[in-house]
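Working notes for the structure below.
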Amino acid sequence: MKKYVKMMLIIALFLTALGGLGLHYRIHPIDKHAFGYVPFIAGLISVLAIPALFFFRKTLHLAYLLNGFTVIIGVITMAHFSIVKAPLLPDIFILLCKFFIGRAIFCVEVFPMDGEIKNPGWRWIRYPNMGFWAVHLVLLSGVYYIGNLLWR
């Protein structure tokens, strides 16, 4: 059952990433604007590389990190676009679903299914806990904000 659940989650991750790539291509065509290459390349990585990396136990951590950081970068840039141009809140929620699907694949493979969830205390901000992602979201948002202020 564990392998079946993992396979279904990888398929869900692939389809979510494919849908996001389709949305990006419609909104940011690479042939019209130079900035369209960034979401296109991130989408290709999300569709082709990340689900393939989740298949193997040796590359599971790399897939988890790539998935998490592509989601964080996407959330930050789409939130900025939402503030400046047009609201993209549904697209951000779809992207967050991609993160939680990746998290579920990671948890199914790494943690025992019958184990208890313990309070990690200060280790909450260390990898692979969820605080790790919260800290990186805040820090990368700050870096993006400072960069946006300095390079206008």
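Would a scan of region 11-23 turn up a residue that is touching a Ser or Thr at 6+ places or on another chain (Cβ under 8 Å), free of Cβ contacts under 8 Å to residues at least 40 places away in the same chain and assigned to a helix (DSSP H, G or I)? There is at least one residue in region 11-23 that is touching a Ser or Thr at 6+ places or on another chain (Cβ under 8 Å), free of Cβ contacts under 8 Å to residues at least 40 places away in the same chain and assigned to a helix (DSSP H, G or I).
Only residues that are surrounded by fewer than 13 Cβ atoms within 10 Å (Cβ to Cβ), part of a helix (DSSP H, G or I) and not basic (Lys, Arg) were counted in region 24-40, giving 3. Scanning region 1-18 for residues that are buried (at least 16 other Cβ atoms within 10 Å of the Cβ) and not polar (S, T, N, Q) yields a count of 7. Would you check if residue 115 is of a type outside the set (S, T, N, Q) and more than 28 Å from residue 139 (Cα to Cα)? It is true that residue 115 is of a type outside the set (S, T, N, Q) and more than 28 Å from residue 139 (Cα to Cα). Filter region 105-124 for residues that are among the aliphatic types (A, V, I, L, M) and modelled with pLDDT of 85 or more; which is nearest to residue 63 (Cα to Cα)? Checked region 105-124; the qualifying residue nearest to residue 63 (Cα to Cα) is 105. Among the candidates 82, 141, the residue that is at pLDDT 95 or above and surrounded by 12 or more Cβ atoms within 10 Å (Cβ to Cβ) is uniquely 141.
In this entry, residue 101 is excluded by the filter for residues that are more than 14 Å from the chain's Cα centre (by Cα) and either at pLDDT 95 or above or more than 27 Å from residue 142 (Cα to Cα) (or both).
The values are calculated or read from the model by the stated rules, or taken from the named source; none is laboratory data. Because the structure is a prediction, the values reported are computed rather than measured. Cβ atoms come from the backbone with ideal geometry, glycine included; neighbour counts cover every protein chain shown.
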